[in-house]
Amino acid sequence: MTVAPSRDGRDLYADPHLRARSAFVEVAHPELGPLELVTAPWKLSGWTMPARPAPALGQDDDAILGELLGLDEREIAGLRERGVIAPSPVTG
């Protein structure tokens, strides 16, 4: 049988082994400032995982609805007016 201690986030961020393995990365969050986040659990030689926060709510609405799905500005504005998508796009 294998056992291990139960750990919370504070324990993980303080773990010297995870620190030595570069398990954390600092990113610049547009609303919260610098954040230290857990990076991908795998390593690939010659490749570095991009360090960035998740997109903000609505950040990519215009690109997805306009460029990818072909909606024009009037159609996107209509979706905002009806509350289907965020009232105004968040940029970051």
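Counting only residues that are open to solvent by 80 Å² or more (accessible area, probe 1.4 Å) and outside any helix (DSSP H, G or I), which one in segment 1-19 is nearest to residue 55 (Cα to Cα)?
First, the residues of segment 1-19 that are open to solvent by 80 Å² or more (accessible area, probe 1.4 Å): 1-7, 10, 16-17, 19.
Filter once more, so that each one left must be outside any helix (DSSP H, G or I): 1-7.
Values: 1: 41, 2: 38, 3: 37, 4: 34, 5: 33, 6: 31, 7: 28 Å.
Once the filter is applied, the top-ranked residue is 7.
How about segment 39-65: which of its residues are within 20 Å of residue 9 (Cα to Cα) and either modelled with pLDDT of 90 or more or open to solvent by less than 100 Å² (accessible area, probe 1.4 Å) (or both)?
39, 40, 51, 53, 54
Tell me which residues, restricted to segment 20-34, are surrounded by fewer than 12 Cβ atoms within 10 Å (Cβ to Cβ) and not in a loop (DSSP other than H, G, I, E, B).
Hits for segment 20-34 are 20, 26, 33, 34.
Can you name every residue in segment 66-91 that is modelled with pLDDT under 85 and open to solvent by 90 Å² or more (accessible area, probe 1.4 Å)?
Passing the criteria: 87, 91.
Quick check: anything in segment 57-68 of a type outside the set (Val, Ile, Thr), more than 21 Å from the chain's Cα centre (by Cα), part of a loop (DSSP other than H, G, I, E, B) and more than 21 Å from residue 28 (Cβ to Cβ)?
no
The values are calculated or read from the model by the stated rules, or taken from the named source; none is laboratory data. Not measured: the values here are computed from a predicted model. Positions of Cβ are generated from backbone atoms using ideal geometry, with glycine treated the same way; all protein chains shown enter the neighbour counts. Surface accessibility is based on the protein's heavy atoms, side chains included, excluding ligands, DNA and RNA. Shrake-Rupley method; radii C 1.70, N 1.55, O 1.52, S 1.80 Å.
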